[in-house]
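Shown next, in structure tokens, is the structure this report addresses.
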Amino acid sequence: MSVAYHGLCRHLFLLGLSLLMLLLPGEAYESISDETLRSLPRPGNDFDINDGALLSPILIPRVPGTPGSTAVLNHFVDFFQTTLPEWKIEFQNSTSTTPMSNGKNVPFVNFIASRDPPGASPGDVEYVTFVAHYDSKLEPEGFIGAIDSAAPCAIIMHMMRSIDIALGNKWDAMQKTKTSSLDRKWGIQVIFLDGEEAFESWTADDSLYGARSLAEQWETQMHPAMSDFRTPLSAISLFVLLDLLGSQGPSILSYYQTTHWAYKHLASLEQRLCSLDMFKSSPGAPWFPDAAKDEHELKTFGGIQDDHLPFLARGVEILHLIDFTPTRRTGFQPVWHTIDDDGEHLDINTVEDWSMLMTAFAAEWMDLEGYFDTIDGPARRDEALANAEATRLAKKDEL
Ligand SMILES: [Zn+2]
């Protein structure tokens, strides 16, 4: 990630904006209950930096093309194959020379995992997509990149594991009752990108190797004729990028008018989890300082250079969750791009809080209220389904 601003500014006419909002899943976005929030699974020991099942295997140097990178990829594969067997795993490969490779090609491997609703044709599924980069910087030697972005990868793994059963419950119930809610085919997708970091210094060519290759390929890779979405790129309903998370007291700005509504939902969930005493980190300033603004009040300097750029440039909706505040020396946390960005400098309570918050967000996005086993009893699938159908039909009548 680079501190330079790319200055991209997007203008949408009011009418266009309202139409877009109608098309986004926000129209169906329903909050989850306190009961469900309280019942969301916690990561337990899995973020322990020494032997935690999710995080510790990522806390090693993992420069593209090195054995550390392969070991972390294997960790992702093992996790999805063992814990989330319903998920499809793919790799997207590319090669490039770098300023440090003496003319040799370096391999970059993006890891992609997704889960589709039952019976959906591949080109008809739209994906909320959670993204982090898994590579680490070449220098300083031994650099770990705990906030950058080992912790975000582990947070995403915990999220997917936490909602997977509820997602299955919902789809089972829908199939049983043949509910028309299946008309809208919402899937979920994870991308762990390679080659985000510059090898020498950040330029358009020396950075974002994996993201640039994937966005380019997904823009031109056509789905079968008559699919709802022409390409894998156009099937991304929201690209949620997590970066530089895991230090205490994060500050996340809202960068894009068209996804500010999703940012506000996240901010509201953060407040609810705090007030339910479900956050472990010390209370401080709110994590989402732009929450009270409406989208026209956002500063339109365009955001921070990161993995979303090749997707943004192709029209993908972006929610960029990066700990950045202009009043800090570099804008980022003091450990950023130093040897101190290691496991010991993570605030594990904050990492756990992020995992709970993002799980809640994914649960709301995927409309999973009623499909979790709660403290008070097992998932109330039929009741939840009946309620969802009633709400949907009521909305249809209003229109
Ligand atoms: Zn970095």
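Counting only DSSP beta bridges with both residues in the chain, what percent are antiparallel, rounded to the nearest 5?
50 percent
Along Cα→Cβ, 7 Å out, is where each label goes; now give me the distance between the ones at Gln217 and Thr325 in nm to one decimal.
Calculated label separation equals 3.9 nm.
Under the rule that an exposed site lies in a DSSP loop and has at most 10 other Cβ atoms within 10 Å, name the longest stretch of the chain with no trypsin sites (Lys or Arg not before Pro) of that kind, not counting the sites themselves.
The reported range is 179-328.
Can you pull the one-decimal nm distance between simple spin-label points at Asn105 and Ala313, each 7 Å off the Cα toward Cβ?
The two pseudo-label positions are separated by 2.1 nm.
So if R0 is 22 Å, what FRET efficiency would Glu344 and Ala285 give, r being the distance between their Cβ atoms, rounded to the nearest 0.05?
0.35
With the Cα gyration tensor of the chain giving a ≥ b ≥ c as the square roots of its eigenvalues, does the rule (a/c under 1.5 for rounded; else a/b larger than b/c for prolate; else oblate) give rounded, prolate or oblate?
Because its axes are fairly even, with a/c under 1.5, the chain counts as rounded.
Could you identify which residue out of Thr359, Thr231, Thr203 has the top mean-square fluctuation in a GNM of the chain using Cα springs shorter than 10 Å?
Thr203
For the chain, what is the calculated [θ] at 222 nm in deg cm²/dmol (nearest 500), taking -39500 (n - 2.57) for each run of four or more DSSP H residues and dividing by its residue count?
Rounded to the nearest 500, it is -10500 deg cm²/dmol.
Once the piece of chain linking Thr97 and Val77 is laid out straight, how much longer is it, given 0.36 nm per residue of separation minus the C-alpha distance between them?
Length gained, Thr97 through Val77: 4.6 nm.
How much length is gained on full extension from Ala292 to Asp172, taking 0.36 nm per residue of separation minus their Cα-Cα distance?
Extending this stretch completely gives an extra 39.4 nm.
Could you tell me the number of lysine pairs in segment 2-398 with C-alpha atoms less than 22 Å from each other, where the two lysines are 8 or more residues apart or belong to different chains?
15
Calculate one ³J(HN,Hα) per residue across segment 114-125 by plugging θ = phi - 60° into the Karplus curve 6.51 cos²θ - 1.76 cosθ + 1.60, and present them in order as whole Hz with x for glycine and proline.
Each residue of segment 114-125 in turn: 8, 10, 9, x, x, x, 7, 6, x, x, 9, 9 Hz.
If you stretched the chain out fully between Asn50 and Ser31, how much longer would it get, using 0.36 nm times the residue separation minus the C-alpha to C-alpha distance?
3.3 nm
Where a number appears in this text, it was derived from the coordinates with a stated rule and is not lab data. For clarity, every value in this text was computed on a predicted model and none was experimentally measured. FYI the Cβ positions are ideal-geometry reconstructions off the backbone, even for glycines, and counts take in every protein chain you see.
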